[in-house]
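Okay, structure first, notes after.
Read the figures in this text as sums done on the coordinates, not as results from a lab. In this text the structure is predicted, and so the values were computed from the model without any measurement. As a convention, Cβ positions derive from the backbone with ideal geometry for all residues, glycine included, and neighbour counts pool all protein chains shown.
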Amino acid sequence: MRALLMAAAVLIGLGGIARAQEPANLSQADQAAIRQVITRQLSAFRHDDATAAFALAAPHIQQMFGDAAHFLNMVRTQYQPVYRPRATAFGALISVGGTIVQRMEVVGPDGSPDLALYTMQHEPDGSWRIDGCMLVKTKGVEA
């Protein structure tokens, strides 16, 4: 998974030189659902609602952290730009090696811009969950 995220960062960071393709097979409803899941998790972080934020993580992420409190603590200490963003803007929704990645520009609490790359997982019940997030330091690169 880390190798996939690193590859996604390189592909996306190169501004499209390497071919990351927009997912042609995602419906407008799926695209909206993905953005809603991310928005709901950001709102849960803003309210320190560990249970709500944890519920939006993919099952293997939940297994990795064990409980909502550990998950929120990790986000609080390692993902400040998404834990307490000053501003966010959704960018392109792309497919990298068959994995759906939602790009989002975030401005962290310190005022510095980052590109958040959310990998998404489509669940058997049709819902979407967040499978991971990678932060890439930027200098105001468009999402």
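Just the residues that are buried (at least 19 other Cβ atoms within 10 Å of the Cβ) and within 22 Å of His47 (Cα to Cα), please, taken from the stretch 87-107. Result: Met104, Glu105, Val106. So, Arg46, is that one closer than 17 Å to Asp110 by Cβ and either of a type outside the set (Gly, Ala, Ser) or surrounded by 13 or more Cβ atoms within 10 Å (Cβ to Cβ) (or both) or not? Judged against the criteria, Arg46 is a match. Only one of the numbered conditions (1) surrounded by 12 or more Cβ atoms within 10 Å (Cβ to Cβ); (2) among the charged types (D, E, K, R); (3) farther than 19 Å from Asn25 by Cα is violated by Arg129, and that is (3).
If you take the residues in the stretch 77-86 that are within 15 Å of the chain's Cα centre (by Cα) and in a helix (DSSP H, G or I), which one is surrounded by the fewest Cβ atoms within 10 Å (Cβ to Cβ)? Looking at residues that are within 15 Å of the chain's Cα centre (by Cα) and in a helix (DSSP H, G or I), I get Gln78. Taking the stretch 88-142 and the strands (runs of 3 or more DSSP E) fully enclosed by it, the elements with 2 or more residues that are touching a Pro at 6+ places or on another chain (Cβ under 8 Å), in contact (Cβ under 8 Å) with a residue 40 or more places away in the chain and within 24 Å of Met64 (Cα to Cα) are at 128-137.
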